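Below you'll find the structure, written out as structure tokens, and then a few comments.
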Amino acid sequence: VDNGIVDKIGDILNDPIFNSKLPWETERRREIFSKISGDLVKTNALWVLRHLMYNSHNEEKLELLSTIPMETILQFINDYSWPVQEQCFQLLRNLTCNSRKVVNILLENFKDVEYFDSRQGERTMVGSTYLFEFLAHKIRMLEIKDNHQRKTLEGILYIIVNITAINENKRQLVIEQDELLSIIQEILSESGESNPKYGNNNDLKVACLWIL
């Protein structure tokens with residue numbers, strides 16, 4: 001982090017050449033660079049961040065997020081390239097490990113907010129998270145025979161593991177997610193029958209057991 005690596009990767013992830021969600025500075029630059037495939041660069045950039053954050057301290061995670069905000073990282077969770085998505089979810093896995101602050105930041109980025117008028121004429125804000133609905137939908141989309149998509153699922157499951165490990169309130173959030181619990185049951189119930197949806201994969205089963 002001190003060698004400027006994170007700053008350079010932040011520049012990459014915030015460049016329209018590699019991040020299609022960002023506007024081009026000029027039409028001329030778009031014409032020159034828009035046909036460049038940045039999949040390998042994005043994959044490797046997120047891979048570097050993933051490994052920088054492996055077994056890192058909470059202070060280091062927050063330092064990274066001060067340079068590359070969670071909002072920027074989340075712009076790649078629906079990338080058309082599965083290798084990019086794999087590295088993005090594995091990065092989120094490492095960031096959320098043993099970090100209540102990062103878990104809360106992640107939940108905040110998936111927050112639904114509604115306003116209700118009270119009897120006193122004041123507006124009350126009530127929030128809920130749709131992170132788990134998003135993750136369940138993502139899992140249902142995955143084709144586990146593809147190694148990148150299987151690793152994406154593994155990353156998602158360990159993000160849930162990290163959330164449940166924070167405190168009782170976070171565990172209760174997960175317990176309330178019927179769709180996710182149904183997926184966990186499906187993964188754990190698979191045996192050697194032909195063509196199981198989740199590949200009867202031991203690594204995925206271990207992740208599910210960690211959640212439970």
query: Counting only residues 5 or more places away or on other chains, whose amide H sits under 5 Å from the amide H of THR129 once H atoms are built in the peptide plane?
result: ASP112
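Which order, highest average first, do 142-155, 170-183 follow once you tally other Cβ atoms within 10 Å for each residue and take the mean per peptide?
Ranking the peptides 142-155, 170-183 by packing returns 142-155, 170-183.
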- request: Just reorder VAL206, VAL102 by solvent-accessible area, largest first, 1.4 Å probe, all chains present.
  value: VAL206, VAL102
message: From the phi angles alone, apply the Karplus equation (6.51, -1.76, 1.60; θ = phi - 60°) to the stretch 71-86 and give each ³J(HN,Hα) in whole Hz, x where the residue is Gly or Pro.
response: 4, 5, 4, 5, 5, 10, 6, 10, 4, 5, 9, 5, x, 5, 4, 4
Computed FRET value (nearest 0.05) for GLU60 with GLN185, which takes r as the C-beta separation and R₀ as 30 Å: 0.25
task: With θ set to phi - 60°, apply the Karplus curve 6.51 cos²θ - 1.76 cosθ + 1.60 along the stretch 201-211 and write out the HN-Hα couplings as whole Hz, x wherever there is a Gly or Pro.
output: 8, 5, 4, 5, 5, 4, 4, 5, 5, 4, 4
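The values are calculated or read from the model by the stated rules, or taken from the named source; none is laboratory data. Since we're looking at a predicted model, the values are computed, not measured. Note that we place each Cβ from the backbone using ideal geometry, even for glycine, and neighbour counts take in every protein chain shown. To get the accessible areas, we keep the full protein, side chains included, count just its heavy atoms, and leave off ligands, DNA and RNA. Shrake-Rupley method; radii C 1.70, N 1.55, O 1.52, S 1.80 Å.
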